[in-house]
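The values are calculated or read from the model by the stated rules, or taken from the named source; none is laboratory data. A quick note: this is a predicted structure, and the numbers were derived from the prediction, not measured. A quick note on method: Cβ atoms are made from the backbone with ideal geometry, for glycine too, and the neighbour counts reach across all protein chains shown. Accessible surface is based on the protein model in full, side chains and every heavy atom, while ligands, DNA and RNA are left aside. Shrake-Rupley method; radii C 1.70, N 1.55, O 1.52, S 1.80 Å.
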Amino acid sequence: MTRTFWRLVRQRRGLLGGGAVAIMIVTGALAPLIAPYGYSAQSLLQRLQSPSALHWLGTDGFGRDVLSRVVWGSRVSLEIGFFATGLSLVVGTLAGSAAGYFGGGTDTAIMRVADMFLSVPALFLILIVVALFGASLTNTALVIALVTWAPVARVVRSECLSLRAREFVHAAHALGAGHLRVLSRHLLLNALPVIIVQTTLLLGQTILIESGLSYLGLGAQPPLPSWGNMVVEGRQFLASAWWIATFPGLAIFVTVLGFNLFGDALRDAFDPTLRTES
Amino acid sequence: MAPGLRSYVLKRIGFAALMLLGVSVILFGIMRLAPGGPEAVLIGGEFSPDAAAQIRQRLGLDRPVALQYLAWAGAALRGDLGQSFKTGDSVSSLIVDRLGPTIQLTAGALVFALVVAVPLGVLAAVRRGTVWDSIGSAVSLFGVSFPSFWLGIMLILLFSEVLHVLPPSGLSEYGQEGNLGARLRHTILPTLTLGLIQMASFMRFTRSSLLEALRQDYVRTARAKGLGQARVVWRHALRNALIPVVTVVGLSLPTLVGGAVLTETVFAWPGIGRLAVGAVFERDYPVIMGVNLLVASVVIVANLVTDVAYCFIDPRISYR
Amino acid sequence: MRTILLAVFVVVLASSGAGESLAAGKDMVIGMSGDATSLNPVIATDSMSYIAEWPLFDSLLELDASLNVRPLLAESWEVSRDGLTYTFKLKKGVRWHDGKPFTARDVAFTFYSVLNPKVTTPHRAYFDALAGFPELTAKENPKRPEELAVKPIEVVDDSTIRFRLRYPSGSFLAVLVNPRAGIIPEHLLKGVDLNTAEFNRKPVGTGPFKFVEWRRGERIVMEANDQYHAGRPALNRLIFRIIPDAVVLLQELRAGGVDFIENPPLTEVARLKQTPGLKVLVADNTSYSYFGWRQDIAPFDDLRVRRALNHAIDVPTIVKEVLQGYAVVANGQFPPGSWAYDPSVKPYAYDANRARALLAESGWKPGPDGVLAKDGKRFSFSVRHDQANQTVKDTAVIVQEYLKRIGVEARLEALDWPTFVKKLFASEFEAIVVNWTNHHDPDPFAYTIWHSSQWKGRNFAHYKNPKVDELLEQARHAAVVSERKKHYAEFSRILMEDAPYTFLYFPQQVYVTRQAYEGFVPVPTFAGVYQSLKAVRWTGR
């Protein structure tokens, strides 16, 4: 593990990506302390002000400080991101390892269900559920997880498939270990690197999906700021107040980029032979 | 065709039909479970519960859900996807109408993405460690991190609001539908938005899978045998690297047919994506079911085709 | 040789003449933010359909700029002394778009269709005053018109029609106006199920414009009716383009893709005014926004609480800063353009301190988290609203902020329209922010919203005040305007005292169009400007 850590740190990407991610997470966690104004503090007389010393990123249509809202928005995006990713990971890992380990009928059944989820376009499914049942944070996260668990299961399954044939599994069985033990202690532990890399990429993906949903009017509801709904609010002011739509979108971009960079670096750090970068 | 292959295909088709069934049941169930219905949208502001009840009855929404599903499924099997609750037009004609703009957009984006991504990805893999490689991976990493709607809005900001060289939205100017030049100008920004992001993800795949392939034993053997670099790359490695690329193109097929919902929304593009989104908000159940059925079918068929294609690309893959 | 020259000369003359008459008129492209559902005035109830129907169908009467009625298809009328019989003389020589003659039978057919319980139309309630209304519209065993002793609608002859009421109603004439009372042709629709008729997509009316085509989700095209009884309109064609995205609509206006739009984003209006070639039209409207709540649940059942909530919101600032002044502060149910409007009724002044004092008086004390509390319960409630309406959403956000400042916690719940409407009419809400379109006559909405018999209808807030009930009934049954005005004035006063809602504002109609189009008359009722499309002309400037 420590060797991995050092390999990670030595890469620029690892540092950059990890740094961006860390900054975003800290920002979200400390939002109440960092944000100069409240996220819903309106000042109807200060609407649509361009960036200035008082408001570094300008104000929006209600006179609210854009910087503060971007800071608070990271909370919403990260919250949903982590929740959905966690759920997706749990379901995906369970399904994928069961499929990979037991093989045969279980494998086919689970993979067919996964295929079914993959054949409906993600956004449709999410849209339908969230639009019809309400756009609460929980609903949104749940549905995003529903849609993203299948690729996770796929990846975990192939890891388990390849690991299953390895000798240490046979050895474990010979020593009398039950299925569950073999699965949890040996297979999953060895599949951990793959799972961790998946996690970071998944986090980036769920944040993108969530912001897309917010853009369509679902997701977090006003006045709660989420980067997606800030962009859609800012769209009508594009010609006169471009900053309202630009900065939240930039925040999404930087966060997702950070996760992707970090995930790539992680992947290389775990197994240098697989390195895809110099 | 090998006998194993034939039975494989048949099995897959069987599964595909089963999956379509499953998908349609789930969607149907979800929609009926939701509160409210299309009558509210049809009546608009002067809502009255009496009128609402009458409309529900007329649309057949007061029958038991299972019966409604069977009626829909039976008609769908005969090719009749029903009528839109909102407009009364046949769902199939609505879809056909919107399919054109969507395919125009997504096919254009796909072509753009492939044409740019594959050569660049190859270049980055082959010239590994050089500046090409760094640029390539940076571009592709950036590309997959953009939210598509934000990219679209930024492009509109730059090219339409600031530079005034391109129109901000829509299929074409009114009255100018025949004008090819005008239509082309309108297509540029949305295609670019969709294409840039797809290009980035294709590039990553091409590059990493090509790198993987280059490392394989058989490539080293080929090199050892004294074959030139170009021959090695183009004949052996590339062919195998194409498998993941085919995978990823296959994975982007739902978008191709389902319409890039976010891009279409940003650019007010009259495609299937917007049709579906509108139908969801208006509780136009037949349209929702019809669009999803179409997309699911395309995806399932595409998966089947790509899987079969694999065995021609890589003779090592066999089927149980 | 000379014959040829002569022939050429004649041809040139003829074609130039034709060219000139074509260039004299001009097309106008109107932007709509949604598609119509059906082009049949008896059936359609959504605002887009209303707009599109107006040029196609005529009604018996129309409105002038002061919301008084004047003749359209009806040339003149007489009212009996007891106010129960209205006899209309119809214009002669009017033809349907398909050439057939328009007669009184079409009028009878139209309104009997409205009364027919098999036809799905909420317009029915507007004709409550007609004789036999309860019997004709009964849910169980409705009677047919032939079975009634007193016929509510009688065709006297081809150009005379008579209506009989069961009580004198001052609003009867006002109800016979577009867009809800367009006349449909009997010869095309007799015996047809109006709910699903093909006619609804290919309408035939007597209006100034004839239907040409309707490409769903894209456009509705109409052309001038050469045979229009009031003279051919100056414009050639009307093209309604459907563009659901407000931002795109504005871009299209700027780029020349549309010539006329309604309700642009208000922050852009100042810029639009200064854009050369464009002009902005403003008119009062009958639609209004309010912040309302259930009257029969705590804490809203306490009068002091309701008044406090009224004092807490600074409506004039909202109107000035958010709506850019394009709205009128509301003092009750009636818009300023209506004769029932009483300027002496004053809304509650913005006074946060008074609000806090009133709440303290009724036992609300600040809790540990800053939110007021009483008997262990926090002053917190949900505010439901339509998520698709941007103005309503913005208003809700602002209301929430003002309430926060006095220690009241309002939780916003944006619901999509179908869900919202369902909960609204089932009275499943605590508070709401809504924007409704009023009728230009005070009776229809005042009665259905505030009368205690309507708890299952539009009185979903469950308001009940016997004095108000009495006043509304008296106003409904009075035929003379001055008498109705008195009742409504009293009604408005009591309503403001009871403070059942915080009446916010009446947003004005704002339209943007090209300088070159003249002749618009922004009648101060919903979509009133579209009534004047027949008079609009292109001046070529």
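Inter-chain neighbour count for B:131-140: the average number of beta-carbon atoms from partner chains within 10 Å of each residue's beta-carbon is 1. Highest mean first, the peptides B:67-80, B:130-143 sorted by other C-beta atoms within 10 Å per residue fall in the order B:130-143, B:67-80.
Between C:Ser287 and C:Asn438, the built amide H atoms are under 5 Å apart, and every one of these is 5 or more places off in sequence or on another chain. Within chain C, the ratio Rg/Rh, alpha carbon atoms throughout and Rh by Kirkwood, equals 1.02.
For chain C, the relative contact order is 19 percent, taking Cα pairs closer than 8 Å that sit 6 or more residues apart in sequence and dividing their mean separation by the residue count. Expressed as a whole percent, the accessible area of the protein assembly as shown that falls on carbon and sulfur atoms is 61 (1.4 Å probe). Relative to the longest principal axis of the Cα atoms of chain A, the long axis of helix A:243-270 makes an angle of roughly 20 degrees. For the peptide A:231-242, the mean number of other protein chain Cβ atoms found within 10 angstrom of a residue's Cβ is 6.
Using the rule -39500 (n - 2.57) for each DSSP H run of four or more residues, divided by the residues of chain A, the 222 nm mean residue ellipticity is -24000 deg cm²/dmol.
Taking 30 Å as the straight-line reach from the Cα of C:Lys423, the lysines in range (excluding those fewer than 8 positions away in the same chain) are B:Lys86, C:Lys118, C:Lys139, C:Lys374, C:Lys377, C:Lys393, C:Lys404, C:Lys456, C:Lys464, C:Lys467.
Only helical runs count toward this figure. For chain C, summing -39,500 (n - 2.57) over DSSP H runs of n ≥ 4 and dividing by all residues gives -8500 deg cm²/dmol at 222 nm.
With a 1.4 Å probe, what is the total accessible area buried between chains C and B, in Å² rounded to the nearest 100?
2900 Å²
Here's how it looks for C:Arg384: its modeled amide H is under 5 Å from those of C:Glu413, C:Glu430, C:Ala431, C:Ile432, C:Val433, which are all 5 or more places away or on a different chain. Reducing the range C:373-447 and the range B:24-94 to their Cα centroids gives an inter-centroid distance of 29 Å. A simple packing score, the average count of other Cβ atoms within 10 Å per residue, orders the peptides B:91-100, C:477-486 as B:91-100, C:477-486, with the highest score first.
Indicate the helices, whole DSSP H runs only, in chain C that combine a mean Kyte-Doolittle hydropathy of 0.0 or more with a Cα extent along their long axis of 30 angstrom or more.
C:2-24
Comparing the full protein assembly with the isolated chain, the residues of the range A:33-72 losing at least 50 square angstrom of accessible surface (1.4 Å probe) are A:Gln42, A:Leu44, A:Arg47, A:Phe62.
For C:Arg219, the residues whose amide H sits under 5 Å from its own are C:Ile242, ignoring neighbours fewer than 5 places away on the same chain, with H placed 1.01 Å from N. Using only the Cα atoms of the protein assembly as shown, build the gyration tensor, take square roots of its eigenvalues as a ≥ b ≥ c, and label the shape rounded, prolate or oblate: rounded if a/c is under 1.5, else prolate if a/b is larger than b/c, else oblate. Cα axes put the protein assembly as shown in the prolate bin. Tell me whether chain A comes out rounded, prolate or oblate; compute the Cα gyration tensor, take square roots of the eigenvalues as a ≥ b ≥ c, and use a/c under 1.5 as the rounded threshold. The shape class here is prolate.
In order along the range C:77-93, phi translates into HN-Hα couplings of 8, 10, 10, 5, 4, 7, x, 9, 10, 10, 10, 10, 9, 8, 5, 9, x Hz, rounded to whole numbers, per the Karplus curve 6.51 cos²θ - 1.76 cosθ + 1.60 with θ = phi - 60° and x for Gly and Pro. Straight-line cross-link reach from C:Lys26 at under 20 Å between alpha-carbon atoms covers these lysines, not counting any fewer than eight positions away in the same chain: C:Lys210, C:Lys279, C:Lys534.
Residue by residue along C:119-132, Cβ atoms of other protein chains within 10 Å of the local Cβ number 3 on average. 3J(HN,Hα) along the range A:73-79: x, 5, 4, 4, 4, 5, 4 Hz, from the Karplus curve 6.51 cos²θ - 1.76 cosθ + 1.60 with θ = phi - 60°, whole Hz, x for Gly and Pro.
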